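Inspection log for the structure reproduced underneath, given as structure tokens.
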Amino acid sequence: MKNILVPVGSNINALNTLQYAIDFAQAVGAKIYLVHVYSSPKISGGLLNVDQIMERDSKETLKEHLNNVDRKDVKIITSTLKGYSVIDTLKQLNKLLNIDLIIASTKNDGADDTVFLGKITGSIIKDTKVPVLIIPAQVKFKPVKKILMTIKSGSIKSVETLDLLVKIQQTFNSNINLLQVKTPKLDAKDLELNDKLKSLIDTHIPTTNATVYQGVLQFLNVEKPDMLCVIRRRRGFFKKLWEDDRVKKIDFNSNIPLLVLKGMS
């Protein structure tokens, strides 16, 4: 893992997420690309220097964030970018910079307290092909000693999906407990585990629930992991939740970092 992208806004969660990203990057030996994307409002006539004002404010936002974190010895490259679509801009950066991981706040858009994932972070998960590590508000970095990975199907078409998980396990000497939730209409072949996945896990926990989410709720308090890991598939984990980008706490909530790997349908 070499390149971590950290998109930030001006909300109260941004500072905590940036500090977590710095601590994480130091542990895995990566550098950070810290970006703030701004867009100019559509104004007819007057205020010809609105772009300059928005760019200045964007740079001030990044400067303020950096002045209020412990940068340690991590290389941080900052950039302010004008883009009419935050997601499209981030997609371009992912390709240009060979990003290995995006670290984002649960909410980047000022969503209310009933929301777990704001629309921007939800769209990052849904519409980019890079793994995303989501940091809940006020969660501080600590070594990832125990990971609860949750799947429904043990079939993984591309073993590269697991590369980031392998890196985290090697860095922190993590124990990975695999929770495999058997839901109605699950095919028998889905119960078979991919060989690479099987080699990573310490414990395989099969359970039967109506939904994957119910299975997660049942074991989160029992396992007490440092990180929750899922694979984002088109027909996989929390499919219904991701459809609308924004996720309410009543539907899903996590008080620990959530790592979303990108699988194939």
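The values are calculated or read from the model by the stated rules, or taken from the named source; none is laboratory data. None of these values were measured; they are calculated from a predicted model. Glycine gets a Cβ as well: all are built from the backbone with ideal geometry, and neighbour counts include every protein chain shown. Ligands, DNA and RNA are excluded from the accessible area calculation, which covers all protein heavy atoms including side chains. Shrake-Rupley method; radii C 1.70, N 1.55, O 1.52, S 1.80 Å.
Would a scan of the range 55-75 turn up a residue that is touching an Asp or Glu at 6+ places or on another chain (Cβ under 8 Å), closer than 24 Å to LEU164 by Cα and at pLDDT 85 or above? Within the range 55-75, one or more residues are touching an Asp or Glu at 6+ places or on another chain (Cβ under 8 Å), closer than 24 Å to LEU164 by Cα and at pLDDT 85 or above. GLU64 satisfies every condition listed in (1) in contact (Cβ under 8 Å) with a residue 12 or more places away in the chain; (2) outside any loop (DSSP other than H, G, I, E, B) except (1).
Would the range 124-138 turn up any residue that is farther than 17 Å from VAL260 by Cα, open to solvent by 20 Å² or more (accessible area, probe 1.4 Å) and free of Cβ contacts under 8 Å to residues at least 12 places away in the same chain? Checked against the condition, which is being farther than 17 Å from VAL260 by Cα, open to solvent by 20 Å² or more (accessible area, probe 1.4 Å) and free of Cβ contacts under 8 Å to residues at least 12 places away in the same chain, the range 124-138 yields no hits at all.
More than 18 Å from ASN194 (Cβ to Cβ) and touching a residue at least 12 places away in the same chain (Cβ under 8 Å) - does that describe any residue in the range 157-170? The answer is no, given that none of the residues of the range 157-170 is more than 18 Å from ASN194 (Cβ to Cβ) and touching a residue at least 12 places away in the same chain (Cβ under 8 Å).
Number of residues in the range 50-63 that are within 26 Å of VAL28 (Cβ to Cβ) and surrounded by fewer than 13 Cβ atoms within 10 Å (Cβ to Cβ): the value is 1. Considering only residues in the range 158-214 that are hydrophobic (A, V, I, L, M, F, W, C) and assigned to a loop (DSSP other than H, G, I, E, B), the one that is most open to solvent (accessible area, probe 1.4 Å) turns out to be ALA210. Taking the range 70-99, which residues are open to solvent by 80 Å² or more (accessible area, probe 1.4 Å) and either in a loop (DSSP other than H, G, I, E, B) or touching a Cys at 6+ places or on another chain (Cβ under 8 Å) (or both)? Selection gives ASP70, ARG71, LYS72, ASP73, LYS75, TYR84, ASN98.
Within the bounds of the range 41-51, is there any residue that is over 26 Å from the mean Cα position of the chain (by Cα) and either at pLDDT 95 or above or assigned to a helix (DSSP H, G or I) (or both)? Among the residues of the range 41-51, at least one is over 26 Å from the mean Cα position of the chain (by Cα) and either at pLDDT 95 or above or assigned to a helix (DSSP H, G or I) (or both), which makes the answer yes. Of everything in the range 10-20 that's closer than 23 Å to GLU55 by Cβ and open to solvent by less than 10 Å² (accessible area, probe 1.4 Å), which residue is nearest to the chain's Cα centre (by Cα)? For the range 10-20, the residue satisfying everything is THR17.
Selection of the range 101-150 for residues being of a type in the set (Val, Ile, Thr), at pLDDT 85 or above and assigned to a strand (DSSP E or B) yields ILE102, ILE103, VAL132, ILE134, ILE135, ILE147, THR150.
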